[in-house]
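K.L.:
Please read through the structure below; I'll follow up with questions.
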Amino acid sequence: MTEPIIADQSVRTRPIRDPRVWLAVGLGTGLSPFAPGTFGSLLGPPLVWGLVLLGIHGLWFIPVTAILFGIGVPLCSAGAKHFSRKDPPWVVFDEIAAFPLMYALSPFNMWTACVGFVLFRFFDILKPWPIKRFEALPGGVGIMIDDLLAAAHACIVLRILVEAATYGKLF
């Protein structure tokens, strides 16, 4: 279950001296006092764009996402420890790391970047079944997995929308 943002924002403004926590808060984007997950997610499309420029695309995004997941578990655990919360809203590496998965089945371009961003935020905020159930997993795994599943949902819907746009119809 997502914890409500506490009224006392002093926890959010704790000095960050650990580079793992700095990465966990998305280089500071997650420290936004308003919609930290959305602001943190803004780093997702540039990440994917950079990967595309390196020649990574399509199904290669799956192993990249797995690597980012492996990196993200200890980063998000460090962020949770720093903020003394199970899943602090300011820890946004999970949102950023999930983005490549969305483009495993669809090309990355300006249209899919925008639509994918909206779809990801929709599924990440709404957390339809079974996403919500996985949040209960402990530590960094619980923080990371719900965003990975939100990206998987967004990936499928994005693929359907790309097909619809390409062929002018859904069926």
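K.L.:
Most mobile of Gly30, Gly142, Gly70 per a Gaussian network model of the chain (Cα springs, under 10 Å)?
P.N.:
Greatest mean-square fluctuation among the candidates belongs to Gly70.
K.L.:
Another question, if that's okay. Which order do Lys81, Lys132 take by accessible area at a 1.4 Å probe, largest first? Before the final figure, lay out each step's value.
P.N.:
Details: Lys81 170, Lys132 95 Å².
Ranking Lys81, Lys132 by accessible area, largest first, yields Lys81, Lys132.
K.L.:
Could you run the Karplus curve 6.51 cos²θ - 1.76 cosθ + 1.60 with θ = phi - 60° over the range 140-155 and give me ³J(HN,Hα) per residue in whole Hz, x for Gly and Pro?
P.N.:
Once rounded to whole Hz, the list reads x, 4, x, 5, 7, 5, 5, 6, 4, 5, 4, 5, 5, 4, 5, 4.
K.L.:
Still on this structure, please answer the following. Quickly estimate the mean residue ellipticity at 222 nm for the chain, helices only: each DSSP H run with n ≥ 4 gives -39500 (n - 2.57), and the total goes over all residues, rounded to 500. Spell out each step's value before the answer.
P.N.:
Numbers: 8 runs with 105 residues, N = 171.
Here the helix-only value at 222 nm equals -19500 deg cm²/dmol.
K.L.:
Among Thr65, Thr13, Thr112, determine the one that fluctuates most according to a GNM of the chain built with springs between C-alpha atoms less than 10 Å apart.
P.N.:
Thr13
K.L.:
List the residues whose amide H sits under 5 Å from the amide H of Trp90, counting only those 5 or more places along or on another chain, with H placed 1.01 Å from N in the peptide plane.
P.N.:
Sorted by chain and number, the residues that satisfy this come to none at all.
K.L.:
If you don't mind, another one. Helix 44-53: angle to the longest alpha-carbon principal axis of the chain, degrees 0 to 90, nearest 10?
P.N.:
That works out to roughly 50 degrees.
K.L.:
Just to verify a number: what accessible area does Met144 come out at with the full protein assembly present, 1.4 Å probe, Å² rounded to tens?
P.N.:
Counting only protein heavy atoms, the figure is 10 Å².
K.L.:
Sorted by accessible area with a 1.4 angstrom probe, largest first, how do Phe34, Phe93, Phe122, Phe83 fall?
P.N.:
The most accessible residue leads, giving Phe34, Phe122, Phe93, Phe83.
K.L.:
Could you tell me the distance between the Cα centroids of the range 22-37 and the range 105-171, to the nearest Å?
P.N.:
20
K.L.:
Going from most exposed to least, what order do Arg133, Arg17, Arg159 have by accessible area with a 1.4 Å probe?
P.N.:
Values: Arg133 170, Arg17 200, Arg159 75 Å².
Highest to lowest solvent-accessible surface, that is Arg17, Arg133, Arg159.
K.L.:
Return one number: the angle in degrees, 0 to 90 and rounded to the nearest 10, between the long axis of the Cα atoms of helix 110-126 and the longest principal axis of the Cα atoms of the chain.
P.N.:
That helix lies at roughly 50 degrees to the long axis.
K.L.:
Accessible area of Thr166, 1.4 Å probe, to the nearest 10 Å²?
P.N.:
For Thr166, solvent-accessible area is about 90 Å².
K.L.:
Net charge near Ser106: determine it from the other residues with C-beta under 12 Å of the C-beta of Ser106, scoring Lys and Arg +1 and Asp and Glu -1.
P.N.:
On the way: positive: Arg159; negative: Glu163.
My count for the surroundings of Ser106 gives 0.
K.L.:
With every protein chain present, what is the per residue accessible area of the chain (1.4 Å probe, Å²)?
P.N.:
Working: 8880 Å² over 171 residues.
I get 52 Å² per residue for the chain.
K.L.:
Still on this structure, please answer the following. Ala78: net charge of surrounding residues, Cβ under 15 Å, Lys/Arg +1, Asp/Glu -1, itself excluded?
P.N.:
Values: positive: Arg14, Arg17, Arg20, Lys81, Arg85, Lys86; negative: Asp18, Asp87, Asp94.
Within the 15 Å Cβ shell, the charges total +3.
K.L.:
Here's a follow-up. Could you give the nm distance between label points at Trp111 and Arg14, where each point is 7 Å from its Cα heading toward the beta carbon?
P.N.:
4.6
The values are calculated or read from the model by the stated rules, or taken from the named source; none is laboratory data. Treat the numbers as computed from the prediction; the structure is a model and nothing was measured. So basically every Cβ, Gly included, is an ideal-geometry build from the backbone, and we count neighbours across all protein chains shown. Surface areas here come from the heavy atoms of the whole protein model, side chains and all, with no ligands, DNA or RNA. Shrake-Rupley method; radii C 1.70, N 1.55, O 1.52, S 1.80 Å.
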